[in-house]
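The values are calculated or read from the model by the stated rules, or taken from the named source; none is laboratory data. Bear in mind the structure is a predicted one, so any value in this text is a computation, not a measurement. Ideal geometry is used to build each Cβ from the backbone, glycine not excepted, and the neighbour counts take in all protein chains shown. We work out accessible area using only protein heavy atoms, side chains counted, and drop any ligands, DNA or RNA first. Shrake-Rupley method; radii C 1.70, N 1.55, O 1.52, S 1.80 Å.
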Amino acid sequence: MTSLRQWWRRAAAAFKDRRSLLLARLRPRRAPWHHRELEATVIRATSHEDRWMDYRSAARVFAWARTSPSYLRPVMLALARRARRTRCWVVALKALMVAHGVLLRSGLPPARAGRLPFVLADFRDRSSSSPAKSVAFSAFVRAYFRFLDQRSILAAQEVVDAGDADYRSARLERIRKMQLLLELLLQIRPYADGMEVPLVLEAMDCALVEIFHVYGEICTGIAWFLVSGVPGPAKPPLRKADAAAGVRVLWRAAEQSARLSSYFELCRGLGVVNARRLPPAFVRVSDEDARHLERILMGDAEQDDASGEAKAEGAAPAEAKKDAGSAPTATVVTTEWVAFDEEKPSAGAVACGGGAEGRVGSHWNPFVAAPLDVREGGNLIELF
């Protein structure tokens, strides 16, 4: 049963929203991009109501953002005005979630969409019933903002060109940045008891869908890097620097897979909708697999360096002469992962080289396929 204090807080929050709607309609039009009805819709989508999200208003905001590139600026500025003025975690979190959808569905190239026009890195909530809850909800809002801000920065950067001379190093750098983005996503979680409210679970739903895509791109990138290290006539040799960078990425992926397993268990325990669609058991990358792949990568790099030195002296390596005219069998990778197609993978999708459950031939490659179905979506994400 709602207490008198809760009723009073909700009445005061509703009054604030009505006041903001009235001011939005009465505010004079000072710039061409100012749109009264759009601003009113943004206010409804980011109301103080903490029990639900106004999906109809959010869908109207997304539709406006898709209508024309000229509408993107007024939409983001209306969200920025709403986010900068509030000290309520509900309004701030809703503004971030709506901005998240706008960035995904604006229809503009990422470079033109740009960064968020507001900053919530130092957000402090003043609307909760206790200081402990204020601290916890503030941390949750700041974690969501850090992810979304970094996501907008990463999306605005140029896509790696396959024709670049240093394409392999550029791909590794891209994987490293995606792993950083995954770290920020894993921080979107409750920081105290009593945070299992519908709006927080909805935000974690959005984060979970992003995790599906980000982790899928990480798996795709690592699978591509492992296959690119296979010796071949049309492939550049694997340098030691690239092999060492690949090993660091590999070990970080193994560590993150363990944290992902814990995060999924947390989501299931909290009742996050998309967590119900996860596979019963999440397959982690074991330390043994990581060590095995490290030995393969470093062995190939050392062999390629030795081959390069021998060719510089005008003599071919003895092993190369011995195996001339036959398929390369110097490493396990050559025989086990030769089924991979050499194509540029798309973001969020994983190229499978054959076999089921991540197997290629008689061996298991932990990075062959993403262990998640990226097609699943949550309530607000479905509007995106």
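Okay, here's what the table says:
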item: Among residues of the range 43-56, those that are open to solvent by less than 20 Å² (accessible area, probe 1.4 Å), hydrophobic (A, V, I, L, M, F, W, C) and part of a loop (DSSP other than H, G, I, E, B), counted; result: 1
item: Search result, residues across the range 269-290 that are in a helix (DSSP H, G or I) and either touching a His at 6+ places or on another chain (Cβ under 7 Å) or surrounded by 14 or more Cβ atoms within 10 Å (Cβ to Cβ) (or both); result: 270, 273, 274, 275, 277, 289, 290
item: Looking only at the range 161-184, and only at residues there that are surrounded by 14 or more Cβ atoms within 10 Å (Cβ to Cβ) and more than 16 Å from the chain's Cα centre (by Cα), the one that is modelled with the lowest pLDDT; result: 167
item: Residue among 98, 119 that is at pLDDT 90 or above and assigned to a helix (DSSP H, G or I); result: 98
item: One residue from 227, 209, 214, 249 being among the β-branched types (Val, Ile, Thr) and under 30 Å from residue 48 (Cβ atoms); result: 209
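Every residue, every condition in (1) open to solvent by less than 10 Å² (accessible area, probe 1.4 Å); (2) among the hydrophobic types (A, V, I, L, M, F, W, C), yes or no:
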| residue | (1), (2) |
| --- | --- |
| 17 | no, no |
| 23 | no, yes |
| 41 | yes, no |
| 58 | yes, yes |
| 80 | yes, yes |
| 94 | yes, no |
| 99 | yes, yes |
